[in-house]
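The values are calculated or read from the model by the stated rules, or taken from the named source; none is laboratory data. This one's a predicted model, so the numbers in the text were calculated from it and none came from an experiment. Note: ideal-geometry Cβ built from the backbone for every residue, glycine included; neighbour counts use all protein chains shown.
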Amino acid sequence: MTHNDADDVVDRARIPADVDAPDRVAYGLTWRQLAILAVAGSLLYAGWHGLRGVVPPQVVAFGAVVVGGLVFGLVVGRRDGLPLDGWLLHAVRHVRAPKALSASAATTGPAPDWVAPPAGRMPLPAPLRLPADAIADDGEISLGGGRAAVVAATTVNLTLRTAAEQTALVEAYGRWLNSLSTPTQVVVSAQPVDLAGHARRVAEACRTQPHPALEAACADHAAFLADLAERRDPLRRQVLVVTRTGPDDHGAHTARRRADDTARVLSGLGVTARALDGTAVTAALAAAADPYRTARPGGLVAPDTVITATPTRAPS
């Protein structure tokens, strides 16, 4: 490190990553954990007083130890990054939730009398309630009580920057985070790259090259892409920033304006950012739902759209 680089280093303060973690009240436990222990202790105390005259004390003590151990494990245990009691609650909701869902209202109502009940335990499909109601042409997503917009952005390699540049980028990103007044989501995902289709397009373009040397180089590059698609599963990184309207925002295009402001601020960090329109937002949501499905040209239609086709006459 040179003398100039040492002078450019700025003191930094460590910020914990678990800023949303609940506060520890006593003995390293949160209010929720203390409440569970208090309720379990009250029930055990009531059971002791109710059973000590009927059941031998040794049996009551053994049962209290077993139940207390299970409750303590439920309080302090964690699985998949969640508290064990919350994880069990989600598991119960998943088991009780319907597994067959349909977006068509005609299949989610009560079955007519002439419909025979399905054999076995196969239930009728339940209504599929999506958080988004509609997507406008400008990219605004209707969420029932609010609206949202999506910004696509690239990434910045901090490793190739000097210490002063890294500090400036982090401070600029921190100023943007501090300026947020509504819920904002930053989604970083890995999307598959269709190298096979790109290789076919390059191979088709080889025949239009003006010189044999260019045609040979183009064919060699197409063969390289095709071979890479067969041996590897290439991925690309996608960064989406979802901005939402607040409870006090009543404008018709507030979410879109927030997305434009976000793209303008992020552009100052050296990234390429743009607010997505309706077609791009639809493609982004479809890719998030099924990243390994090839995007259909022309976008997707709404669930209630009637699809028609021109009838073809059979050959005589």
Quickly run through segment 65-83 and pick out the residues that are surrounded by 11 or more Cβ atoms within 10 Å (Cβ to Cβ), without any contact (Cβ under 8 Å) to a residue 24 or more places away in the chain and within 30 Å of residue 128 (Cβ to Cβ). 79, 82
Here is a check on your reading of the model: is residue 167 surrounded by fewer than 11 Cβ atoms within 10 Å (Cβ to Cβ) and farther than 24 Å from residue 277 by Cα? no
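Condition check ((1) surrounded by fewer than 10 Cβ atoms within 10 Å (Cβ to Cβ); (2) modelled with pLDDT under 85; (3) not aliphatic (A, V, I, L, M)) across all residues:
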| residue | (1), (2), (3) |
| --- | --- |
| 130 | no, yes, no |
| 136 | no, no, no |
| 153 | no, no, no |
| 162 | no, no, yes |
| 173 | no, no, yes |
| 201 | no, no, yes |
| 205 | no, no, no |
Identify the residue in segment 175-188 that is among the polar types (S, T, N, Q) and exposed (fewer than 13 other Cβ atoms within 10 Å of the Cβ) and, among all such residues, is modelled with the highest pLDDT. 185
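This table checks each residue for (1) among the polar types (S, T, N, Q); (2) at pLDDT below 70; (3) surrounded by 15 or more Cβ atoms within 10 Å (Cβ to Cβ).
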{"position": "256", "(1), (2), (3)": "no, no, yes"}
{"position": "263", "(1), (2), (3)": "no, no, yes"}
{"position": "266", "(1), (2), (3)": "no, no, yes"}
{"position": "278", "(1), (2), (3)": "no, no, yes"}
{"position": "297", "(1), (2), (3)": "no, yes, no"}
{"position": "302", "(1), (2), (3)": "no, yes, no"}
{"position": "306", "(1), (2), (3)": "no, yes, no"}
{"position": "313", "(1), (2), (3)": "no, yes, no"}
{"position": "316", "(1), (2), (3)": "yes, yes, no"}
Across segment 274-292, what is the number of residues that are farther than 18 Å from residue 141 by Cβ and small (Gly, Ala, Ser)? 0
Options 178, 157; residue that is in the same structural domain as residue 290 (by TED's automatic domain parsing) and within 16 Å of residue 236 (Cα to Cα): 157
Every residue from segment 40-64 that is within 24 Å of residue 29 (Cβ to Cβ) and either loosely packed, with under 11 Cβ neighbours inside 10 Å or of a type in the set (D, E, K, R) (or both): 42, 46
Of those in segment 218-254 that are basic (Lys, Arg) and closer than 30 Å to residue 146 by Cα, the residue modelled with the highest pLDDT is 244
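Among the residues of segment 25-47, what is the count of those that are more than 23 Å from residue 91 (Cα to Cα) and modelled with pLDDT of 85 or more?
Summing the residues that are more than 23 Å from residue 91 (Cα to Cα) and modelled with pLDDT of 85 or more in segment 25-47 gives 8.
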